[in-house]
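Please treat every number below as a calculation from the coordinates, not as lab data. For clarity, every value in this text was computed on a predicted model and none was experimentally measured. For neighbour counting, all protein chains shown are included, and Cβ atoms are generated from backbone atoms with ideal geometry for every residue, glycine included.
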Amino acid sequence: MQSALWPDIDYHQAGTATARARLEALELIEQHGWYELYRKKEDGSYWRLDRDEKYQERFIVRIAEPATWQTFDTTELEKQLLLNQRGGLGTERCIAAGCKSTVLQRSAFCLNHTYERGVRT
Ligand SMILES: [Zn+2]
């Protein structure tokens, strides 16, 4: 089930009304490494949250297959979120050597090269 409060991936900005509303709807199931696994009380869906890291963007991600929650690769989802967050593509060419892709809005690089540089928002 998808709603405004529950996209498949989103940023988790601690202290915001959105983050609080989500956490209230979830119960912590398990912790492992940098991740926490939660279950949504209302419908039993699973959600993975990055643990609190001072200099890192945190994501909350829907986990369709709970068995793989620790290894689920969110790279493509994070790129899509970054693209949406930036409002799409600009008009120039990416400045990375040899790259012919169009830049991301407010970036000198395309989506892939922006992401490679560690940018997440
Ligand atoms: Zn590029």
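Okay, here's what the table says:
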quantity: Residues of segment 80-121 classified as charged (D, E, K, R) and within 12 Å of the ligand (Cβ to nearest atom), total; calculated: 5
quantity: Test: residue in segment 41-51 that is surrounded by 14 or more Cβ atoms within 10 Å (Cβ to Cβ), among the polar types (S, T, N, Q) and farther than 23 Å from residue 5 by Cβ; calculated: no
quantity: Failed criterion for residue 37 (all others in (1) buried (at least 17 other Cβ atoms within 10 Å of the Cβ); (2) within 20 Å of residue 82 (Cα to Cα) hold); calculated: (2)
